[in-house]
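Step one of this worksheet: look at the structure below.
The values are calculated or read from the model by the stated rules, or taken from the named source; none is laboratory data. This one's a predicted model, so the numbers in the text were calculated from it and none came from an experiment. Reconstructed Cβ throughout: ideal geometry from the backbone, glycine too, with neighbour counts over all protein chains shown.
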Amino acid sequence: MKKFICIMCPKGCHLTVDEDNDYRVSGNSCNKGVKYGKAEATNPIRVVTSTVIVNGGNNQLCSVKTADGIPKKSVLEAMREINSVQLKAPVKIGDVAIENLLDTGIDVVVTSDIQAS
Amino acid sequence: MYELIVIGGGPAGLAAAFAAYEKGVKDILIIERDQKLGGILNQCIHNGFGLHYFKEELTGPEYAARFIDMIQQTTINVLLDTMVLEVTENKEVHIVNKEQGYQILKTKALVFAMGCRERTRGAIGIPGSRPAGVFTAGTAQRYVNMEGYLVGKKVIILGSGDIGLIMARRMTLEGADVLACVEVMPYSGGLTRNIVQCLDDYKIPLLLSHTITEIRGKNRVEQVVVSEVDENRQTVMGTEQIFDCDTILLSVGLIPENELSRDANLELDSKTNGPFVYENMETSIPGIFACGNVVHVHDLVDFVTAESIKAGSSAASYILEQENEPTQFLNIKNGDHVTYVVPQKIREEKIDRRTELFFRVNKVFDDSQILIKSQGEILAKQKKSYIVPGEMEKIKLSKKVLDKVTNGELEICVEEVSRV
């Protein structure tokens, strides 16, 4: 049995995952908890948010996020990758900053608009 | 003469202005002191916003952008880089900015949406020397996420409020070493999910019932002394631990920013530090409404949005319908284990079928029930598992329950229920 606190929403349900019983999840109050509990016991993932340098814009940084969760163990490596790129203004919410981050199949996308100065 | 002036262009102001516009008020002005709309959401680059309102998980800037886009499709006017100096009781708004200088604007109604600010080292009086390197967590967040400066390399965080937890992760991801998060209370002040994904994920220790008892350093922070506290929050001698660090981030609470409310002579609640509000978010002055963190500090922006839509819609009714304000109201009292309730006053005539009350408790409950009492008599109760001080609770009150109140006073209490 593994115990987790669900992070899918601010409620923070206390989950129990039974590894010997096909990763059955209990303690959840919605289906997101089942998905999270299973993933946490097998391959935990996290959405990473950070900033990226933007050249020639009205602000020198834009915020970014991984479009979906990436494996938790790759988070620090992902940060090195995110810190190595620079974008050129203008950038818009949804623009792809890094395609297929660390071969995870997941893009890093822009989450704030920066206009060209 | 405007119909409605909204002070503050953060999530509360944007939602209130938009809601009033949707209800038919066309002559609206939003006044914002920063150079862009969105408020603190712009520096909250982490995700987790919008699950209630947009039914998807957004980052702060994305959440703000949705509302800014909605506002831009309307005829709502926006004044940026403009400071409101004073609001008078007869709804004159004194402003100053670079282009127009000093101006006095007139309006039929106002929404106060000024938000809150952080408690500082001075507010909690940490002993020790006064070197550089002591920041409030939100200031550090702005430096890191918007200006591009990492504020330190070896960090201690005091207080386990959400911004502190979020910054513990953020500083770690940017290469700083976060040594510990120190919390004076025996429980965390932040959301459980933030403890898990910001501290536990990065093996940052959370020291509950501990506090900083000395800051050492000449020019920059060099050392921090952390001590355990007992149940009366008194330092336990002999428990001192010394951390070598260069930075302290403070996440020790937020204070609603009510200088303008005081100037306008709004009645304030000493528990929330915000204005008293009625069920429709109207303050003690008819036609002045308030919403968001200026009224009470929220955990989730989604709840700020919901409250602000209520305030904006109510302001619209005030402007368009000009109906007489009812004079009868119920007072809501904070009962056992309840630290505050918003709204503090309810006018039954203004309620269609039910109304919502928001409150916080002063201890952790595994299983509890919420009691609605009047003159000691229980009018309604509701079971609830897991209530913590760090998370705002909500209950719905039906008109049927309100009808049972006899002496104009309603009390909200929370009590422990033993598990069967």
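Would you check if B:Thr192 is among the polar types (S, T, N, Q) and either at pLDDT below 95 or touching a helix residue (DSSP H, G or I) at 6+ places or on another chain (Cβ under 6 Å) (or both)? The answer is yes for B:Thr192. Taking (1) closer than 22 Å to B:Lys203 by Cα; (2) modelled with pLDDT of 90 or more in turn, A:Ala67 satisfies each apart from (1).
For the stretch A:12-28, give me each residue that is under 21 Å from A:Gly69 (Cα atoms), within 14 Å of chain B (Cβ to nearest Cβ) and more than 19 Å from the chain's Cα centre (by Cα). Full working, then the answer.
Taking the stretch A:12-28 first, the residues under 21 Å from A:Gly69 (Cα atoms) are A:12-15, A:17, A:23, A:25, A:28.
The next check asks that each one be within 14 Å of chain B (Cβ to nearest Cβ); those that pass are A:12-15, A:28.
Residues satisfying the conditions are A:Cys13, A:His14, A:Leu15, A:Asn28.
Of the residues making up the stretch B:22-32, at least one is more than 17 Å from B:Ile309 (Cα to Cα), in contact with a Leu (Cβ under 9 Å, 6 or more places away or on another chain) and either buried (at least 20 other Cβ atoms within 10 Å of the Cβ) or at pLDDT below 95 (or both). Put simply, of A:Lys38, A:Lys92 the only residue that is more than 9 Å from chain B (Cβ to nearest Cβ) and under 30 Å from A:Met1 (Cβ atoms) is A:Lys38. Contact map, the stretch B:296-313: residues that are within 14 Å of another protein chain (Cβ to nearest Cβ) paired with residues that are crowded, with 20+ Cβ neighbours inside 10 Å and among the β-branched types (Val, Ile, Thr), Cβ distance under 8 Å, separation 6+ or inter-chain. Pairs shown: B:His298/B:Val304.
B:Ala132 - would you say it is more than 14 Å from chain A (Cβ to nearest Cβ), in contact with a strand residue (DSSP E or B) (Cβ under 8 Å, 6 or more places away or on another chain) and surrounded by 15 or more Cβ atoms within 10 Å (Cβ to Cβ)? Judged against the criteria, B:Ala132 is not a match. Give A:Arg24, A:Arg46 a once-over and let me know the one that is surrounded by 18 or more Cβ atoms within 10 Å (Cβ to Cβ) and out of contact with any Leu (no Cβ under 8 Å at 6 or more places or on another chain). Only one candidate qualifies: A:Arg46. Starting from residues that are under 17 Å from A:Val48 (Cα atoms) and part of a loop (DSSP other than H, G, I, E, B), keep the ones in the stretch B:51-69 and report whichever is nearest to the other protein chains (Cβ to nearest Cβ). That would be B:Glu57. Picking from residues in the stretch B:84-96 that are buried (at least 16 other Cβ atoms within 10 Å of the Cβ) and either free of Cβ contacts under 8 Å to residues at least 40 places away in the same chain or part of a loop (DSSP other than H, G, I, E, B) (or both), the one that is nearest to the other protein chains (Cβ to nearest Cβ) is B:His94.
Taken over the stretch B:179-222, residues that are farther than 25 Å from A:Ile7 by Cβ, surrounded by 21 or more Cβ atoms within 10 Å (Cβ to Cβ) and not hydroxyl-bearing (Ser, Thr, Tyr) amount to 3. Those residues that are of a type in the set (Val, Ile, Thr) and in contact with a Gly (Cβ under 6 Å, 6 or more places away or on another chain), I need them from the stretch A:41-95; list them, please. Within the stretch A:41-95, A:Ile45, A:Val47 qualify. With respect to the conditions (1) among the polar types (S, T, N, Q); (2) surrounded by 20 or more Cβ atoms within 10 Å (Cβ to Cβ); (3) in the same structural domain as B:Glu279 (by TED's automatic domain parsing), B:Ser317 falls short on a single one, namely (2).
Mind listing just one residue for me: the one in the stretch A:49-75 that is touching a residue at least 60 places away in the same chain (Cβ under 8 Å) and more than 7 Å from chain B (Cβ to nearest Cβ) and, of those, surrounded by the fewest Cβ atoms within 10 Å (Cβ to Cβ)?
Taking the candidates together, the pick is A:Gly56.
Restricting the stretch A:70-98 to residues that are out of contact with any strand residue (DSSP E or B) (no Cβ under 8 Å at 6 or more places or on another chain) and not aliphatic (A, V, I, L, M) leaves a set whose member that is modelled with the lowest pLDDT is A:Lys73. Of note, B:Lys108 does not satisfy the criterion of being modelled with pLDDT under 95 and more than 27 Å from B:Thr136 (Cα to Cα). One residue stands out in the stretch B:336-375 among those that are in a loop (DSSP other than H, G, I, E, B) and of a type in the set (S, T, N, Q): the one that is nearest to B:Asn407 (Cα to Cα), namely B:Gln375.
Listed here are the strands (runs of 3 or more DSSP E) enclosed by the stretch B:220-297 that have at least 3 residues being at pLDDT 95 or above and within 28 Å of B:Arg130 (Cα to Cα): B:223-228, B:241-244, B:247-250. Assessment of the stretch B:70-83 against the conditions (under 23 Å from the mean Cα position of the chain (by Cα), in the same structural domain as B:Lys153 (by TED's automatic domain parsing) and not in a helix (DSSP H, G or I)) yields no matching residue. Test B:Ile378 against the stated conditions and say whether it is in contact (Cβ under 8 Å) with a residue 12 or more places away in the chain and part of a strand (DSSP E or B). When the stated conditions are applied, B:Ile378 does not pass them.
Has the stretch A:107-116 got at least one residue that is among the aliphatic types (A, V, I, L, M), under 17 Å from B:Asn145 (Cα atoms) and facing another protein chain (nearest Cβ under 8 Å)?
Residues of the stretch A:107-116 among the aliphatic types (A, V, I, L, M): A:108-110, A:114, A:116.
Next cut, under 17 Å from B:Asn145 (Cα atoms) only: A:108-110, A:114.
Still in the running and facing another protein chain (nearest Cβ under 8 Å): none.
Within the stretch A:107-116 (the criterion being among the aliphatic types (A, V, I, L, M), under 17 Å from B:Asn145 (Cα atoms) and facing another protein chain (nearest Cβ under 8 Å)), the answer is no, since none of the residues qualifies.
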